[in-house]
Amino acid sequence: MLAIQYVTIIVLVALALYVIGKYVRKEFDWREFLSWETLLLIMFVIALKPLELSVTIKNLLGLGRGLDALFVVSIGFAYLLLFRIYMNVDRAEREITELTRKIAIELEEINEKLEKIEKKG
Amino acid sequence: MKSRGATKVESMDIRLAIFDLDGTLIGAPKDFHQIKEELRKRLLDMGIPKETIGDLTPMYENLFRIAEETNRKPEELQKILEDLEEERVDESFLFDGSREFLEFLKEEGIKIALMTRSCRRAATKALNMHGIKKYFDFILTRSDVAKDEVKPNEMHVKRVLEHFKIPPTKAIVIGDHGYDIVPAKRAGTLSLLITSHESGRMSFKIEEKPTFEVPTMKEALSLFRRLLKTYVVVPAYNEERTLGEVLSSLKLYFKPEHIVVVNDGSVDRTREIARKSGVHVLTHIVNRGLGGALGTGIAYALKKGAEIIITFDADGQHLVGDALRVMKPVAEGKADFAVGSRLKGDIKEMPFIKRFGNLVLDGITAFFARMYVSDSQSGLRCFNRECASKIRITCDRYAVSSEIIIEVASRGCRIEEVPIKAVYTDYAAKKGTNVLEGVKIALNLLFDKMR
């Protein structure tokens with residue numbers, strides 16, 4: 001095993017524990033917990049057998065060197081993640097707008113009611 | 001809360017309706033052309049030469065001239081015309097919807113006046129005969145004003161306004177003729193032209209454009225129902241320099257209760273200025289952008305029961321007169337959505353870079369909307385209730401302008417473009433969309449398709 005493999009494995013285990021901790025503290029729901037753990041598991045497998053795996057991918061995709069194939073796949077994967085993050089940020093932005101809108105309208109309505117009461121009094 | 005003491009609130013701030021009588025409220029089988037011929041015959045019978053009589057247009061003013069030229073008393077000749085007018089009233093009828101319209105205005109607490117070129121005798125007879133005299137708070141016939149103050153002279157309108165002490169922008173003249181629209185324009189009031197009441201019209205030639213026009217009294221009622229539920233949405237982000245002036249100009253025509261300023265997380269005095277003007281202020285705690293602000297304003301207006309919603313920029317680049325023009329097709333029921341096009345109007349003042357940027361964005365919008373609108377980035381728009389409830393605003397930032405056009409087009413709303421003038425002060429030129437914003441808008445629209 002190469003030194004980089006040891007480092008990666010340690011980091012991955014730490015991350016897996018962190019995710020479990022989040023799940024236990026109910027900061028993650030089971031869906032998030034499962035998806036993150038699956039992702040970490042896949043990375044764990046890659047870290048254990050990088051060369052064998054890269055050769056397999058190379059043979060599958062017909063790319064030049066084994067390691068190149070691994071890079072290509074991981075870059076593609078990173079883009080997918082980026083897109084997902086974009087979508088999530090976008091959703092969050094909309095929710096913030098919705099929230100801001102609700103607060104603005106309700107505050108004004110409360111204001112109107114107060115003004116009415118003031119006028120009566 | 002206003003001096004009128006009416007409990008109902010209307011949004012276009014109309015406090016006085018000034019009606020014309022003949023051809024507007026009532027019609028008669030005998031038209032004015034026949035009256036004119038009858039008058040001519042009687043004048044000839046009196047021995048007045050044909051050349052002196054002339055073509056008798058307009059009749060009332062010409063009688064004064066003839067009296068002077070033939071050394072007769074004007075009253076003598078006037079009496080002939082008055083008799084003819086009175087005879088004509090015998091056969092007159094009330095147009096469909098006239099009574100309902102008057103009833104509606106009364107219920108809304110709007111003052112009603114009559115301004116007519118008929119003589120007092122004929123007008124009073126007609127009002128009594130059709131049982132509508134009770135609706136009028138004030139009647140000003142040609143007999144009640146000086147000879148040269150009769151409409152189309154604007155003094156006729158001004159005398160009515162003086163009586164009520166109501167500013168001209170809060171009054172509307174309702175008539176079927178240029179003789180009603182011309183003085184209304186000159187006196188600075190709103191105007192409504194009834195276009196298809198054929199009987200009772202003198203001659204049909206109108207050069208002045210009225211504020212609104214509808215075919216009949218029935219449609220006038222539905223127009224008013226919409227007008228009185230018009231809301232203006234003003235998105236504002238750090239607009240302390242211009243907002244006060246913009247709001248005062250809007251308040252000339254619209255009730256403060258129906259102006260909605262969306263203060264989009266401003267850090268300056270925007271909120272205080274808006275509050276001071278007595279309009280509704282919706283405050284976004286954090287800045288959400290133009291789209292977010294418009295969405296809030298529209299949602300609020302719909303919640304309040306708006307029938308017409310106008311969006312108006314707070315940076316002072318729009319004129320309130322243009323808002324009325326953009327509102328016209330929607331209020332008249334001819335369109336569901338209208339947008340003020342700076343490119344169809346006067347663009348001399350528009351900086352080149354803006355014109356270019358607009359062109360690119362128009363192209364992008366046209367691609368997604370499958371329809372070309374000459375100024376997709378315009379901030380002056382008008383929706384009817386149905387159209388405003390159908391559209392879904394998702395873009396928070398400036399992309400919203402294109403998004404609105406795309407949404408409106410795809411929901412099958414009828415769109416109309418109205419030429420407007422853009423006022424580019426140095427201040428306004430710095431704001432709004434620039435090239436970088438343009439690129440962002442394009443990207444946003446692309447991503448929007450993938451959501």
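When the stretch B:390-407 is filtered for residues that are touching a residue at least 24 places away in the same chain (Cβ under 8 Å) and in contact with a helix residue (DSSP H, G or I) (Cβ under 6 Å, 6 or more places away or on another chain), the ones remaining, listed by number, are B:I393, B:C395, B:D396, B:R397, B:Y398, B:A399, B:V400, B:S402, B:I405, B:I406. For B:T311, the test of being more than 14 Å from chain A (Cβ to nearest Cβ) and either in contact with a Gly (Cβ under 7 Å, 6 or more places away or on another chain) or farther than 30 Å from B:I194 by Cα (or both) is passed. When the stretch A:6-52 is filtered for residues that are under 21 Å from A:F77 (Cβ atoms) and among the charged types (D, E, K, R), the ones remaining, listed by number, are A:R31, A:E32, A:E37, A:K49, A:E52. Considering A:F28, A:F33, the condition of being more than 14 Å from chain B (Cβ to nearest Cβ) and not in a helix (DSSP H, G or I) is satisfied by A:F28 alone.
For the stretch B:16-49, a residue qualifies if it is of a type in the set (D, E, K, R) and farther than 30 Å from B:I166 by Cβ, and the qualifying residues are B:K30, B:D31, B:K36, B:E37, B:E38, B:R40, B:K41, B:R42, B:D45.
For the stretch B:134-153, the criterion of being in contact with a Pro (Cβ under 6 Å, 6 or more places away or on another chain) and under 18 Å from B:A184 (Cβ atoms) is met by at least one residue. With a requirement of 1 or more residues that are of a type in the set (D, E) and either touching a strand residue (DSSP E or B) at 6+ places or on another chain (Cβ under 8 Å) or crowded, with 24+ Cβ neighbours inside 10 Å (or both), the helices (runs of 4 or more DSSP H) lying completely within the stretch B:263-381 that satisfy it span B:320-331. On the basis of being free of Cβ contacts under 8 Å to residues at least 12 places away in the same chain and open to solvent by 20 Å² or more (accessible area, probe 1.4 Å), does B:E86 make the cut? Considered against the rule, which asks whether it is free of Cβ contacts under 8 Å to residues at least 12 places away in the same chain and open to solvent by 20 Å² or more (accessible area, probe 1.4 Å), B:E86 comes out as no.
Restricting the stretch B:394-417 to residues that are assigned to a loop (DSSP other than H, G, I, E, B) and at pLDDT 85 or above leaves a set whose member that is nearest to A:E95 (Cα to Cα) is B:R411. Number of residues in the stretch B:255-291 that are in contact (Cβ under 8 Å) with a residue 40 or more places away in the chain, facing chain A (nearest Cβ under 9 Å) and under 25 Å from the mean Cα position of the chain (by Cα) equals 1.
Can you say whether B:E108 is of a type in the set (D, E, K, R), out of contact with any Asp or Glu (no Cβ under 7 Å at 6 or more places or on another chain) and either in contact (Cβ under 8 Å) with a residue 24 or more places away in the chain or surrounded by fewer than 22 Cβ atoms within 10 Å (Cβ to Cβ) (or both), as far as the supplied structure shows?
Spelling it out, it is not the case that B:E108 is of a type in the set (D, E, K, R), out of contact with any Asp or Glu (no Cβ under 7 Å at 6 or more places or on another chain) and either in contact (Cβ under 8 Å) with a residue 24 or more places away in the chain or surrounded by fewer than 22 Cβ atoms within 10 Å (Cβ to Cβ) (or both).
Scanning the stretch A:5-34 for residues that are at pLDDT below 85 and within 22 Å of A:F71 (Cα to Cα) yields a count of 0. From the list A:F83, A:F71, the lone residue that is within 14 Å of chain B (Cβ to nearest Cβ) and at pLDDT below 85 is A:F83.
The values are calculated or read from the model by the stated rules, or taken from the named source; none is laboratory data. Everything numeric here is computed off the predicted structure, so don't read it as measured data. Methodologically, a virtual Cβ is constructed for each residue, glycine included, from the backbone with ideal geometry; neighbour enumeration extends over all protein chains shown. For accessibility, only protein heavy atoms count, side chains too; no ligands or nucleic acids. Shrake-Rupley method; radii C 1.70, N 1.55, O 1.52, S 1.80 Å.
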